1. With respect to Leu150, is the statement that it is over 16 Å from the mean Cα position of the chain (by Cα), assigned to a helix (DSSP H, G or I) and either at negative phi or within 16 Å of the ligand (Cβ to nearest atom) (or both) true?
2. Within region 123-159, track down each residue that is surrounded by 14 or more Cβ atoms within 10 Å (Cβ to Cβ) and aliphatic (A, V, I, L, M).
3. Looking only at residues that are under 15 Å from the mean Cα position of the chain (by Cα) and not in a helix (DSSP H, G or I) in region 46-104, which one is surrounded by the most Cβ atoms within 10 Å (Cβ to Cβ)?
4. If you take the residues of region 6-28 that are surrounded by fewer than 14 Cβ atoms within 10 Å (Cβ to Cβ) and assigned to a loop (DSSP other than H, G, I, E, B), which of them is farthest from the ligand (Cβ to nearest atom)?
5. Any chance region 128-145 includes a residue that's among the polar types (S, T, N, Q) and outside the structural domain of Ser47 (by TED's automatic domain parsing)?
Amino acid sequence: MNAKGHLLSGFAFSIFVIFLLDYLAFVKFSSSIENIVLLVLIISFYSLLPDIDHRSSKMTGYFLVIGFAALSISVFQLATTLQLVNDPIKLLIFSTVILFFPILGPRVFHHRGIIHSLLIGALATFFIHLLFNNTLFTIIAFASYYSHLLADGYLLKLK
Ligand SMILES: [Zn+2]
């Protein structure tokens, strides 16, 4: 399935989960603009994320652009006296991690291998929990990741 298909199924599945959680009164949905914008970003990112193991996916392209931008900023700041960010070393580590996936990822991970699994989905989702500490965001990140696995034909791929 291509990126557009994964986005469509990611949004359809996530909206279903949001309504279900709200209906069951498990997590109430607040329709503030900030909430909706963050959910749209989370759904878009997580429903495409598994294809980071593919050499020429949309996600691989985004990681390359973000990684190189972060790398340039951190190296530039370390080489000059210009103050662009608070912690250039942290940004350097971040950019190295981000660049690992598009540059070495496809060599290390097979396409639709372990990255296309519930285990990595849960690990990647944990990042959203750390970042926002918001139950709905965490569940929806995982639901979006899972929607990608479902659309690729994996009902229950643990690892
Ligand atoms: Zn895929």
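1. For Leu150, the condition - over 16 Å from the mean Cα position of the chain (by Cα), assigned to a helix (DSSP H, G or I) and either at negative phi or within 16 Å of the ligand (Cβ to nearest atom) (or both) - is met.
2. Of everything in region 123-159, those that are surrounded by 14 or more Cβ atoms within 10 Å (Cβ to Cβ) and aliphatic (A, V, I, L, M) turn out to be Ala124, Ile128, Leu136, Ile139, Ile140, Ala141, Ala143, Leu149, Leu150, Ala151.
3. Taking the candidates together, the pick is Ser57.
4. If we take residues in region 6-28 being surrounded by fewer than 14 Cβ atoms within 10 Å (Cβ to Cβ) and assigned to a loop (DSSP other than H, G, I, E, B), then Ala25 is farthest from the ligand (Cβ to nearest atom).
5. Taking region 128-145 first, the residues among the polar types (S, T, N, Q) are 133-135, 138, 144.
Now narrow it down to the ones that are outside the structural domain of Ser47 (by TED's automatic domain parsing): none.
Looking for residues that are among the polar types (S, T, N, Q) and outside the structural domain of Ser47 (by TED's automatic domain parsing), one finds none in region 128-145, hence no.
The values are calculated or read from the model by the stated rules, or taken from the named source; none is laboratory data. Remember, predicted model here, so these are calculated numbers, not experimental data. Don't worry about glycine lacking a Cβ; one is built from the backbone with ideal geometry, like all the others, and counts go over all protein chains shown.
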